[in-house]
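Written out below as structure tokens is the structure these notes cover.
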Amino acid sequence: MATLPPRRNPTPTKISKQHLTPLQILLQMGFPKHRAEKALAATGNRGVQLASDWLLAHVNDPLLDDTSPREYILYACPLGEFLEQLQNFWEKSLEICGWNGAHNFTPHITLVSFFKAPDADAPHLSMSLKSVMERQGAILNEPLKLETYASPNFMGFFVAEDHADYLKRIAMQYVKEVSNATISLEPHVKSLHLTLAYQFPNTQYSQLKALVDTLDPTLSSGWELRLYSRDPRVNGKQVHKVVHPYTHAECDELELRTGDYVYLSAEAVANSPDGWVEGTSWLTGCTGLLPVSYTERTAESDAWTLHRKVSLNNPSENSANTIGGRSASQKESQKHHPPLKQSLSESYQVKSSSDMQTFKSLDKNISNGDAVDAALPKSNSPELNITSSPIEPENLETAEQTESEAIENKDVECFKDEVQILDISTRRRLFVMRHGERVDFTFGTWIPYCFDEEGRYIRKDLNMPVVLPERKTGPTAYKKDSPLTQIGLYQARLVGEALRDSDSNIHHVYCSPSFRCVQTCAEVLRGLGREDIKMKIEPGLFEWLVWYPEGLPEWLTPNELINFGYNIDVEYKPFVPMEELAERRETCESFYTRSSFVTKKVLETHSLGDVFFVGHAATLDVCTRELIGGKPRSSNEMSKLLPKVPYCSVTVVENKGENWEHVEPPLPPIMHSNNQRFDWKLWHQ
């Protein structure tokens with residue numbers, strides 16, 4: 001057989017999506033390159049989801065298109081029992097003597113001072129640190145030797161000469177690895193030290209010295225290198241943590257979300273005549289006036305991004321000295337925030353995670369004891385409740401990465417639990433789904449064959465329902481209100497599982513009163529693991545009434561659905577009541593109008609969180625058409641589209657500033673082949 005000659009111009013193959021870099025995916029999503037690079041750098045290159053969330057949160061950031069580079073710094077940070085001692089020291093010194101310069105940073109030894117680097121170089125900076133520590137002899141096999149020092153101006157530990165030389169060599173190797181035409185940095189060549197206190201009054205020397213004497217530096221067995229970066233706007237500012245939410249009343253005010261960080265001028269805070277100062281939000285990048293009493297000062301390093309951490313000592317020692325799986329920065333954060341009673345608001349509810357050893361836990365500590373009323377420095381101040389804090393910037397940590405792809409799987413699952421707060425506060429999506437495979441379209445005329453003379457259901461095929469609810473008017477009620485097949489239930493559950501695997505967090509669920517839609521919705525929630533969400537039955541989501549000239553179906557009531565095991569919100573009052581729907585005579589345009597009305601009312605009701613509609617094939621278009629700025633289609637146009645909407649199709653529209661746009665769903669579509677009915681008598685022919 002002749003061999004095939006080589007093709008001169010082979011068909012170019014598309015790059016598999018799984019091999020695209022996060023930057024390439026963001027570019028495919030339509031984000032400009034400089035914005036995509038900025039978002040990836042600001043989130044520590046943690047992947048597409050977090051970077052896109054950051055971009056949506058910063059859509060009104062006046063410096064979103066500014067190309068000023070971030071500032072990076074390399075620290076050696078203690079772990080284990082020694083870290084615990086340092087945390088106790090910081091807490092006591094803050095309580096006894098008040099704030100001093102050391103409280104502004106996590107416990108550390110500076111190896112490379114602040115340097116600037118373009119956003120595009122952030123992955124290079126991170127991988128270079130890993131590369132340096134993978135070299136022969138880079139890991140130190142003994143604890144760092146520290147020597148206590150105290151004076152009226154400074155208190156801390158100096159690194160012993162032999163270990164100081166070792167750290168300086170590591171810093172020098174990193175500088176050589178990173179330096180290029182666009183990055184200029186220098187190792188910290190002065191005496192390496194860990195600061196305990198500085199910038200304190202002389203009158204506090206004795207108290208601080210007594211606290212320092214209680215520390216035992218010989219416990220310093222675990223250390224790690226950390227590469228941080230910060231927004232240039234933080235430089236020279238105080239960082240304050242928001243402890244009370246505030247909704248801006250004037251256009252020049254800044255909206256405050258509990259747990260966010262704001263950058264404030266120390267001079268403005270000290271000299272404000274009315275308690276209002278101008279600040280910039282870490283979460284959104286927006287600037288405006290805010291009440292200082294709604295915040296409390298915290299460490300500047302709390303508002304930094306951690307890009308990578310690498311063990312400096314023998315990794316086995318580090319693991320043995322881990323304190324409850326919590327990072328140094330987490331413990332340091334608690335030093336600044338006394339233990340507080342937790343109170344989760346509905347808008348900031350976070351799933352718990354049992355394995356947070358490689359990520360900083362969500363800070364659940366806000367204030368001491370019972371909630372405290374904050375006095376707003378303006379008249380008619382609203383009463384605010386303290387809520388638990390959302391994600392902190394320094395929560396952007398990962399475990400030591402053994403490969404460049406090690407930010408996936410279990411670690412990312414833990415991290416994504418934390419970023420749900422960011423999702424709910426910065427992104428709004430509307431999911432619209434068609435129901436699953438229905439019995440009547442699969443089996444044709446089925447009711448006479450599946451119910452006996454007394455109206456009892458008999459299952460005649462494995463793809464038919466196992467059981468069915470009894471209807472008031474008998475089995476004929478199913479003629480207009482068909483149930484799902486078993487395949488239909490499975491389709492819906494697959495969609496829910498895919499949403500769960502993509503970390504989509506549905507908050508509000510609305511459903512057409514058709515039984516097939518209720519079944520679909522219930523299975524989606526089961527697959528998603530959110531069976532606790534109550535379904536709101538909305539008649540306004542029913543399909544075009546022109547297809548029902550003899551009148552509406554006789555649907556199961558909410559109480560009947562509850563009796564059959566469905567989680568229905570019986571207190572919900574529909575936007576389009578059943579009685580009003582029954583009296584309507586609809587054109588195609590009024591069908592679009594009715595559906596658009598429901599969509600608008602639902603979105604107005606829920607200003608936060610993702611909304612999920614389950615309806616019919618046309619629902620995917622009629623509920624989103626006007627939202628994205630389109631005009632109602634003609635009946636012919638709509639009829640041509642509907643055959644292209646198979647069972648369990650899902651469309652998603654997302655809020656983009658003031659507009660809504662169709663976006664790619666976070667789950668793949670579902671398709672399968674037809675399976676004809678088998679007759680066992682075939683072999684007797």
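Computed from the coordinates by the stated procedures, all read-outs in this text should not be read as laboratory data. Keep in mind that what you see is a predicted model, and the values were worked out from it rather than measured. For neighbour counting, all protein chains shown are included, and Cβ atoms are generated from backbone atoms with ideal geometry for every residue, glycine included.
Distance between the 7 Å Cα→Cβ label points at Val467 and Leu20: 4.7 nm. Annotation: the residues Arg427, Arg46, sorted from fewest to most other C-beta atoms within 10 Å of their own C-beta, follow the order Arg427, Arg46. Phi angles across the stretch 46-53 convert, under the Karplus curve 6.51 cos²θ - 1.76 cosθ + 1.60 with θ = phi - 60°, into 3J(HN,Hα) values of 8, x, 5, 4, 5, 5, 5, 4 Hz, Gly and Pro given as x. Maximal additional length on extending the Asn659-Leu552 stretch stands at 35.0 nm, based on 0.36 nm per residue less the C-alpha distance. The charge dipole of the stretch 571-685, taken about its Cα centre with unit charges on the Cβ atoms of Lys, Arg (+1), Asp and Glu (-1) only, comes to about 440 debye.
Is the stretch 197-237 best put as rounded, prolate or oblate by its Cα gyration tensor, with a ≥ b ≥ c the root eigenvalues, rounded for a/c under 1.5, and otherwise prolate when a/b is larger than b/c, oblate when not? Oblate.
For the stretch 586-591, the Karplus equation 6.51 cos²θ - 1.76 cosθ + 1.60, evaluated at θ = phi - 60°, returns couplings of 10, 8, 5, 5, 6, 5 Hz by residue, with Gly and Pro reported as x.
Model label points for Lys116 and Glu186, set 7 angstrom from Cα along the Cα-to-Cβ axis, are 1.7 nm apart. A simple packing score, the average count of other Cβ atoms within 10 Å per residue, orders the peptides 250-260, 649-659, 120-130, 609-619 as 609-619, 120-130, 250-260, 649-659, with the highest score first. Expressed as a whole number of Å, what is the distance separating the alpha-carbon centroids of the stretch 626-663 and the stretch 525-557? Computed from Cα coordinates, the inter-centre distance equals 19 Å.
Once backbone amide H atoms are built at 1.01 Å from N, Glu71 has Arg230 as its partners under 5 Å, excluding neighbours fewer than 5 places away on the same chain. Per-residue 3J(HN,Hα) values for the stretch 642-654, derived from phi via the Karplus relation 6.51 cos²θ - 1.76 cosθ + 1.60 with θ = phi - 60°, read 4, x, 8, 10, x, 4, 6, 5, 10, 10, 10, 10, 10 Hz in sequence order (x marks Gly and Pro). Using alpha-carbon positions, what is the distance between the centroids of the stretch 563-590 and the stretch 293-314, in Å? With the stretch 563-590 and the stretch 293-314 each reduced to a Cα centre, they are spaced 51 Å. What is the order of Ile170, Ile562, fewest Cβ neighbours within 10 Å to most? The order, fewest Cβ neighbours first, is Ile562, Ile170. Cβ-Cβ distance of Lys209 and Glu296, R₀ of 41 Å, FRET efficiency by 1/(1 + (r/R0)^6): the value works out to about 0.90.
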